[in-house]
1. Can Ala17 be described as out of contact with any strand residue (DSSP E or B) (no Cβ under 7 Å at 6 or more places or on another chain) and farther than 21 Å from Leu320 by Cβ?
2. Does Gly75 meet the test of being modelled with pLDDT under 95 and either in a strand (DSSP E or B) or in contact with a Cys (Cβ under 9 Å, 6 or more places away or on another chain) (or both)?
3. Report yes if Val294 is of a type outside the set (Lys, Arg) and touching a Leu at 6+ places or on another chain (Cβ under 8 Å), otherwise no.
4. May I ask you to list the residues in the range 164-190 that are modelled with pLDDT under 95 and more than 21 Å from Val280 (Cβ to Cβ)?
5. Under 8 Å by Cβ, and 6 or more places apart or on different chains, what pairs join a residue from the range 232-257 that is in contact (Cβ under 8 Å) with a residue 24 or more places away in the chain and in a helix (DSSP H, G or I) with one that is of a type in the set (Lys, Arg) and open to solvent by 10 Å² or more (accessible area, probe 1.4 Å)?
6. Any residue that is in a helix (DSSP H, G or I) and open to solvent by 20 Å² or more (accessible area, probe 1.4 Å) - is there at least one of those in the range 208-222?
7. Just give me the residues in the range 37-79 being among the polar types (S, T, N, Q), under 14 Å from the mean Cα position of the chain (by Cα) and open to solvent by 10 Å² or more (accessible area, probe 1.4 Å), in sequence order.
8. Before we move on, is Ser297 polar (S, T, N, Q) and surrounded by 22 or more Cβ atoms within 10 Å (Cβ to Cβ)?
Amino acid sequence: MKVGVLDYGVIDEGQTATAALETTLALAKRADELGFHRFWVAEHHNLSAFAISAPEVIMAHLASQTRQIRIGSGGIMGLHYSPYKVAEIVRTLGTLYPGRIDIGLGNSLGTSLVHQHLKSPYTSRDYGLWLESLLAYLQDKGEEITATPQPPLPLDLFVLGTGGRSVHEAARLGLGFVYGSFPFIAQNPLETAALLGKTYKNQFLPFVQPKEQLLLALFVVLADTMELAEELAKPLDIWMLGKEDFNEFSAYPSIETAQEYVLTRAEQEQIVANRRRILVGDVTAVEQSVNELVRVSGADEVIFIPLLPDRVHRMRALELLASIQIQ
């Protein structure tokens, strides 16, 4: 089964945004060498611990310095932007790097402050119409205007979601669908993955793409030993409490910061609940969990999100993920 990686451009304690983006490039190059199918980058605004706010710029940078791996957005948050401008961006990327560009599209509007300053003209209720408008430009069905340039090969398009309307829009429009199992969203991953997989494949209509593409996006903390994985998961535990709109920390917390962090009883309970939606362990443990999710959902691919502290640990997690056997 094809496997990919989603990177957040993590700024570690004591590091700069420049160093974070250098690490993203190093991870993409290593993923290319290891034979990963996709390397995606996320879009986050007003978060001091993540360096990627303009994924389309980072995608061009990564694609220019890798060889075969597909480079994508996980995702572009379309409701912030004009669908015509997004069509121009993705067509430009597809023209520069034919056959290597994926476009994942999300509907998150972020915090009210982000929504305000990006002057987002849409609300979540507009998502289906926004997608239709984007597709019209990409299929040259605009009555008065064309999105240029015209790429020589088609793009892979995906709707990102955690459930709700996104899966129905992906199926209705014949687009790929990526289910993201986020630690802070109260879902049972096995039950949700099974339901969304069934819904998507039952409702899929081959309008844009000829067949279904169902991907699972899974947070993973992977290390050589169970003990180290547990230590590396602690920064993610406190990060996913989401305090101060995820700006409690000026950088992504280290193991030491996580060990010193004082938790309330409610926060301890929240961490226990969140852990049910994170894959933590060595290769054997993570492999078992991934295969169960793939089995119940019928997923075609998996995208791993190795949100770990320190470049060394993220690089090692990448190498270990390459060894996982998915049935």
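The values are calculated or read from the model by the stated rules, or taken from the named source; none is laboratory data. What you see is a predicted model, and the numbers here were worked out from it, not measured in a lab. Cβ sites come from the backbone with ideal geometry, for glycine too, and all protein chains shown count toward neighbours. Areas reflect the complete protein model, heavy atoms only, side chains present, ligands, DNA and RNA absent. Shrake-Rupley method; radii C 1.70, N 1.55, O 1.52, S 1.80 Å.
1. Working: out of contact with any strand residue (DSSP E or B) (no Cβ under 7 Å at 6 or more places or on another chain): yes; farther than 21 Å from Leu320 by Cβ: yes.
Considered against the rule, which asks whether it is out of contact with any strand residue (DSSP E or B) (no Cβ under 7 Å at 6 or more places or on another chain) and farther than 21 Å from Leu320 by Cβ, Ala17 comes out as yes.
2. Yes, satisfied.
3. Values: of a type outside the set (Lys, Arg): yes; touching a Leu at 6+ places or on another chain (Cβ under 8 Å): yes.
Judged against the criteria, Val294 is a match.
4. Selection gives Gly164, Arg165.
5. These pairs meet every condition: Ala233/Arg275; Asp237/Arg275; Ile255/Lys234.
6. Taking the range 208-222 and keeping what is in a helix (DSSP H, G or I), we get none.
There is no residue in the range 208-222 that is in a helix (DSSP H, G or I) and open to solvent by 20 Å² or more (accessible area, probe 1.4 Å).
7. Initial filter on the range 37-79 (among the polar types (S, T, N, Q)): 46, 48, 53, 64-66, 68, 73.
Okay, now just the ones that are also under 14 Å from the mean Cα position of the chain (by Cα), so 53, 73.
The answer is Ser53, and nothing else.
8. Values: polar (S, T, N, Q): yes; surrounded by 22 or more Cβ atoms within 10 Å (Cβ to Cβ): yes.
Here the answer is yes, as Ser297 does meet what is asked.
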